[in-house]
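**Q** This is the structure I have questions about; it appears just below.
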Amino acid sequence: MKVNTDSLILGSWVAPNNAQSLLDIGTGTGILALMLAQETVESAKILALEVDKNAAEQARDNVRVSKWPNKITVLHQALDEYEPEVRFDIIVSNPPYFEHANKSTNAYHTQTKSRTVARQTRLLTPLALFQFSASHLKNGGSLYCLYPFQRVEEIKQAAFSCGFSLAEQLTVKHNNESDPYLCAFRFQAHSGDDTSKVQGQEQTLTSRMQAEQELSIRELEGTYTPDFKALCQAFYLNF
């Protein structure tokens, strides 16, 4: 089962604590759902949603042979067609990054249909993710997600417009001398009067985050940094 670094970082960074109901949006082959299963309490239930049929089948196979087949349910369905029966304590998503195929590269033209669905935002825009999560998280619940660093302000404003506050942000760099390329976020859901209060204080929330962290993946000579090892050691046998 291939695991990309972005998913490894996001799954390692999530703090499920005693969460009982969790949703992984765009689970792919199930890596984030499996990481959640490893770290959650025994009674937790995880729903893994995937729009691509082949990926959903692979996720089911991976769950079936894991230690947690009774914790995870894989559902092949698009987000805009999914109506959950419960509100969630935590929603996690490593969503598509590419807004459209307009760069001067052949990479987009050589993508398979499944790859295109998985990596472009045509089917899952940030606003769609935040609107769904705002409607289906418990009050005080957390949305963990991952986006390119250059979209940080856009992502935060989209989240604020849906009534979220920003609880934590992890900025990721390839090494100490490189520019940031990725940001992980933990947004907190609010309802009722709390929502209007958050929407009216966007600038205050931007400047008063509870925690902002930075992570470098590798040292300049190419070895993994102590911080990266410490973050991911529960999931990486070589650490």
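**Q** How would Phe185, Phe235 line up by accessible area, probe 1.4 Å, largest first?
**A** My answer, sorted largest first, is Phe235, Phe185.
**Q** I need the semi-axes of the equivalent ellipsoid of the stretch 25-78: take the C-alpha gyration tensor, multiply each eigenvalue by 5, square-root it, list largest first in whole angstrom.
**A** Over the Cα atoms of the stretch 25-78, the semi-axes work out to 18, 11, 8 Å.
**Q** Distance cut-off 25 Å, Cα to Cα: go down the list Lys138/Lys229; Lys45/Lys229; Lys67/Lys173; Lys45/Lys138 and report the pairs above it. Don't jump to the answer; show the numbers that get you there.
**A** Numbers: Lys138/Lys229 32 Å; Lys45/Lys229 28 Å; Lys67/Lys173 33 Å; Lys45/Lys138 15 Å.
With Cα atoms farther than 25 Å apart: Lys138/Lys229; Lys45/Lys229; Lys67/Lys173.
**Q** Let me ask something else about it. Suppose the chain between Thr73 and Gln233 were pulled fully straight at 0.36 nm per residue; how much longer would it get relative to their current alpha carbon spacing? Walk me through the intermediate numbers first.
**A** Details: separation 160, 0.36 × 160 = 57.60 nm, distance 2.57 nm.
Once the chain is fully extended between Thr73 and Gln233, it gains 55.0 nm.
**Q** Give me the net charge for the shell around Val14: Cβ to Cβ below 12 angstrom, other residues only, Lys and Arg +1, Asp and Glu -1.
**A** Values: positive: Arg186; negative: Asp24, Glu39, Asp89, Glu168.
Around Val14, the charge tally is -3.
**Q** Would you list Thr27, Thr5 from the most to the least accessible area, probe 1.4 Å?
**A** Per-residue accessible area, sorted high to low, gives Thr5, Thr27.
**Q** For every other residue with a beta carbon closer than 12 angstrom to the beta carbon of Ile91, add +1 if it is Lys or Arg and -1 if Asp or Glu, then tell me the sum.
**A** On the way: positive: Arg87, Lys138, Arg186; negative: Asp24, Asp89.
Charge balance near Ile91 sits at +1.
**Q** Taking the Cα centre of the stretch 1-59 as the origin, how large is its charge dipole in debye, to the nearest 20, when only Lys and Arg (+1) and Asp and Glu (-1) carry charge on their Cβ atoms?
**A** That gives the stretch 1-59 a dipole magnitude of about 20 debye.
**Q** Need one word for the stretch 1-97: rounded, prolate or oblate. Basis is the Cα gyration tensor (sqrt eigenvalues a ≥ b ≥ c); a/c below 1.5 gives rounded, then a/b vs b/c decides.
**A** Rounded, because the longest to shortest axis ratio a/c is under 1.5.
**Q** Select from Val92, Ala59, Thr40 the residue farthest towards the positive end of the dipole of the stretch 15-97; place +1 on Cβ of Lys and Arg, -1 on Cβ of Asp and Glu, and compute about the Cα centre.
**A** About the Cα centre, the residue reaching furthest to the positive side is Thr40.
**Q** Here is a follow-up. Would you mind calculating the gained length between Asn176 and Ala15 on full extension (0.36 nm times residue separation, minus the Cα-Cα distance), in nm to one decimal?
**A** Taking 0.36 nm per residue and subtracting the Cα distance, the gain is 55.4 nm.
**Q** Please sort 127-139, 28-40, 67-79, 155-167 by packing, taking for each peptide the average over its residues of neighbouring beta carbons within 10 angstrom, highest first.
**A** 28-40, 155-167, 127-139, 67-79
**Q** Right, next: Using 0.36 nm per residue of separation minus the Cα-Cα distance, give me the extension gain between Glu85 and Ala167 in nm, one decimal.
**A** Values: separation 82, 0.36 × 82 = 29.52 nm, distance 2.63 nm.
Roughly 26.9 nm would be gained on extension.
**Q** Okay, next question. Any chance you could look up the accessible area of Arg218 with a 1.4 Å probe, heavy atoms only, rounded to 10 Å²?
**A** 90 Å²
**Q** Show me 220-230, 144-154 ranked by packing, highest mean number of other Cβ atoms within 10 Å first.
**A** 144-154, 220-230
The values are calculated or read from the model by the stated rules, or taken from the named source; none is laboratory data. This structure is a prediction, so every number in the text was calculated from the model and none was measured. When we count neighbours, we look across all protein chains shown, and the Cβ atoms used for this are built from the backbone with ideal geometry, even at glycine. For the accessible areas, the whole protein counts, side chains as well, though only heavy atoms, and no ligand, DNA or RNA atoms are used. Shrake-Rupley method; radii C 1.70, N 1.55, O 1.52, S 1.80 Å.
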